[in-house]
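Enquirer: Take a look at this one; I'll ask things after.
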Amino acid sequence: MSEAEAMADEFDTIAWWTASAVAELGEDHALPAACRGSGSPAALAWLASSMELGQGTRLLDSGAGVGGPAEYAARSYGVRPVLAEPMEGACRAARRLFRRPVVVSDGLRLPFPDAAFDAAWSLGVLCTVEDKRAYLSELRRTVVPGGAVGLLVYTRAVDDLPDQPEGNHFPSHDELVADLAAVGLELDDETALADVAATPEDWDEAASRVEEVVAREHRDDERWQRAQAQQETIAGLIGDELVVGVLLTCRTPVPSDIVEQ
């Protein structure tokens, strides 16, 4: 399986199938299913609090998938989200599920002017990008001086992984910190994903029900089979603590002339 196939299977094809399954099961399944793999409600709440998101905050979600985390932030904190996602199927799914503004866009070339947002986050995406510093630089560019950039990053806890999932380039924690510093993002706070509360049982059940419908309809499709194998590999690495999820909040630099004023 090529890297392009792996990304398309998980973030394009499966995303649209997920939206179709939600349409069958009901809207109460949308948010849990759309947040799967992007952090539990407790993880999103930790980021929102650390980033000081609030009513009217202009929030960019880069690599937004089907839009679950952005929708959670909008409902819980009153932010005004804009979604950027490179996979067209995921964008169509996000519009179908939540009707928020969404653009088909690679996070390395965001179609927004400088300082267009009060804050930005990117959840579970950086580990799929080879040029991490270019990706982080784009997040920094689009956020106002002193604004927050939130990340969920899956980091490599060993030098060499026994299995390397296609399309994933897990950094070590030290590499991640070095990349943040290199692009001028100041690390403000961090915590291990495992240290925040687990996903509520009702959320897990709703998301699992959606996955069951997708499997029922598409388990004979090689794209579903490839995506399933990919997810199982990553889950195994996380379960063995070879890959560790980390939540981080950074701040964009404030120019010295603004500080002096």
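Enquirer: Return yes when Glu186 is within 30 Å of Ala23 (Cα to Cα), surrounded by fewer than 16 Cβ atoms within 10 Å (Cβ to Cβ), among the acidic types (Asp, Glu) and over 18 Å from the mean Cα position of the chain (by Cα) and no when it is not.
Expert: Details: within 30 Å of Ala23 (Cα to Cα): no; surrounded by fewer than 16 Cβ atoms within 10 Å (Cβ to Cβ): yes; among the acidic types (Asp, Glu): yes; over 18 Å from the mean Cα position of the chain (by Cα): yes.
No: the conditions fail for Glu186.
Enquirer: Can you find even one residue in the range 195-206 that is outside any loop (DSSP other than H, G, I, E, B) and either in contact with a Gly (Cβ under 8 Å, 6 or more places away or on another chain) or modelled with pLDDT under 90 (or both)?
Expert: We begin by selecting, within the range 195-206, every residue outside any loop (DSSP other than H, G, I, E, B); these are 195, 201-206.
Right, trim to either in contact with a Gly (Cβ under 8 Å, 6 or more places away or on another chain) or modelled with pLDDT under 90 (or both) and you get none.
The answer is no; no qualifying residue exists.
Enquirer: Still on this model: Just to be sure, is Thr155 in contact with a His (Cβ under 6 Å, 6 or more places away or on another chain) and either at pLDDT 95 or above or crowded, with 17+ Cβ neighbours inside 10 Å (or both)? It would help to see each step written out before you state the result.
Expert: On the way: in contact with a His (Cβ under 6 Å, 6 or more places away or on another chain): yes; either at pLDDT 95 or above or crowded, with 17+ Cβ neighbours inside 10 Å (or both): yes.
Here the answer is yes, as Thr155 does meet what is asked.
Enquirer: Related question: If you check Val158, Val153, Val149, which single one turns out to be β-branched (Val, Ile, Thr), closer than 22 Å to Val244 by Cβ, in contact (Cβ under 8 Å) with a residue 60 or more places away in the chain and part of a loop (DSSP other than H, G, I, E, B)?
Expert: Working: Val153 fails: part of a loop (DSSP other than H, G, I, E, B); Val149 fails: part of a loop (DSSP other than H, G, I, E, B).
Selected residue: Val158, the only one of Val158, Val153, Val149 that is β-branched (Val, Ile, Thr), closer than 22 Å to Val244 by Cβ, in contact (Cβ under 8 Å) with a residue 60 or more places away in the chain and part of a loop (DSSP other than H, G, I, E, B).
Enquirer: Residue by residue through the range 102-143, note down the ones that are surrounded by 16 or more Cβ atoms within 10 Å (Cβ to Cβ) and in a strand (DSSP E or B).
Expert: Val102, Phe117, Asp118, Ala119, Ala120, Trp121, Ser122, Leu123, Val143
Enquirer: While we're looking at this one, here's another question. Just to verify a result, which residue in the range 176-201, among those that are of a type in the set (D, E, K, R) and in contact (Cβ under 8 Å) with a residue 40 or more places away in the chain, is farthest from Thr252 (Cα to Cα)?
Expert: Going residue by residue through the range 176-201, those that are of a type in the set (D, E, K, R) are 179, 186, 188-190, 195, 201.
In the following step, the residues that additionally are in contact (Cβ under 8 Å) with a residue 40 or more places away in the chain were identified as 179, 186, 188-190.
Numbers: Asp179: 14, Glu186: 7, Asp188: 10, Asp189: 13, Glu190: 16 Å.
Filtering the range 176-201 for residues that are of a type in the set (D, E, K, R) and in contact (Cβ under 8 Å) with a residue 40 or more places away in the chain, the one farthest from Thr252 (Cα to Cα) comes out as Glu190.
Enquirer: Do we have Val214 as touching a Phe, Trp or Tyr at 6+ places or on another chain (Cβ under 6 Å), surrounded by 15 or more Cβ atoms within 10 Å (Cβ to Cβ) and farther than 30 Å from Ser137 by Cα here? Write out each step before concluding.
Expert: Details: touching a Phe, Trp or Tyr at 6+ places or on another chain (Cβ under 6 Å): yes; surrounded by 15 or more Cβ atoms within 10 Å (Cβ to Cβ): yes; farther than 30 Å from Ser137 by Cα: yes.
It is true that Val214 is touching a Phe, Trp or Tyr at 6+ places or on another chain (Cβ under 6 Å), surrounded by 15 or more Cβ atoms within 10 Å (Cβ to Cβ) and farther than 30 Å from Ser137 by Cα.
Enquirer: Can I ask one more? Among the candidates Ala120, Ala93, Ala134, which residue alone is of a type in the set (Gly, Ala, Ser) and free of Cβ contacts under 8 Å to residues at least 40 places away in the same chain? Step through it out loud before you land on a result.
Expert: Numbers: Ala120 fails: free of Cβ contacts under 8 Å to residues at least 40 places away in the same chain; Ala93 fails: free of Cβ contacts under 8 Å to residues at least 40 places away in the same chain.
Checking each option against the conditions leaves just Ala134.
Enquirer: OK, next. What tally of residues in the range 241-261 results from selecting those that are part of a loop (DSSP other than H, G, I, E, B), modelled with pLDDT of 70 or more and out of contact with any Gly (no Cβ under 7 Å at 6 or more places or on another chain)?
Expert: Within the range 241-261, the first condition is being part of a loop (DSSP other than H, G, I, E, B), and the residues that meet it are 241-242, 252-255, 261.
Adding the requirement that they be modelled with pLDDT of 70 or more leaves 241-242, 252-255.
Retained after the next criterion (residues that are out of contact with any Gly (no Cβ under 7 Å at 6 or more places or on another chain)): 241-242, 255.
So the answer is 3.
Enquirer: Test Arg226 against the stated conditions and say whether it is under 19 Å from Trp16 (Cα atoms) and loosely packed, with under 12 Cβ neighbours inside 10 Å. Talk me through it step by step, then tell me what you get.
Expert: Values: under 19 Å from Trp16 (Cα atoms): yes; loosely packed, with under 12 Cβ neighbours inside 10 Å: no.
Taking the combined requirement at face value, the residue does not satisfy it.
Enquirer: For the range 76-101, name all the residues that are surrounded by fewer than 16 Cβ atoms within 10 Å (Cβ to Cβ) and of a type in the set (Gly, Ala, Ser).
Expert: Residues satisfying the conditions are Ser76, Gly78.
Enquirer: List the helices (runs of 4 or more DSSP H) that sit entirely inside the range 1-73 and contain at least 1 residues that are in contact with a His (Cβ under 6 Å, 6 or more places away or on another chain) and either crowded, with 22+ Cβ neighbours inside 10 Å or at pLDDT below 90 (or both). Let's see the steps before the verdict.
Expert: On the way: elements: 3-8, 14-25, 30-35, 41-51.
By residue number, 14-25.
Enquirer: Residues being over 15 Å from Val244 (Cα atoms), aliphatic (A, V, I, L, M), out of contact with any strand residue (DSSP E or B) (no Cβ under 7 Å at 6 or more places or on another chain) and surrounded by 15 or more Cβ atoms within 10 Å (Cβ to Cβ): count how many of those fall in the range 161-183.
Expert: Residues meeting the conditions: 1.
The values are calculated or read from the model by the stated rules, or taken from the named source; none is laboratory data. These numbers were taken from a predicted model, which means no experiment stands behind them. Neighbour counts are summed over all protein chains in view; Cβ atoms, including those assigned to glycine, are modelled from backbone coordinates with ideal geometry.
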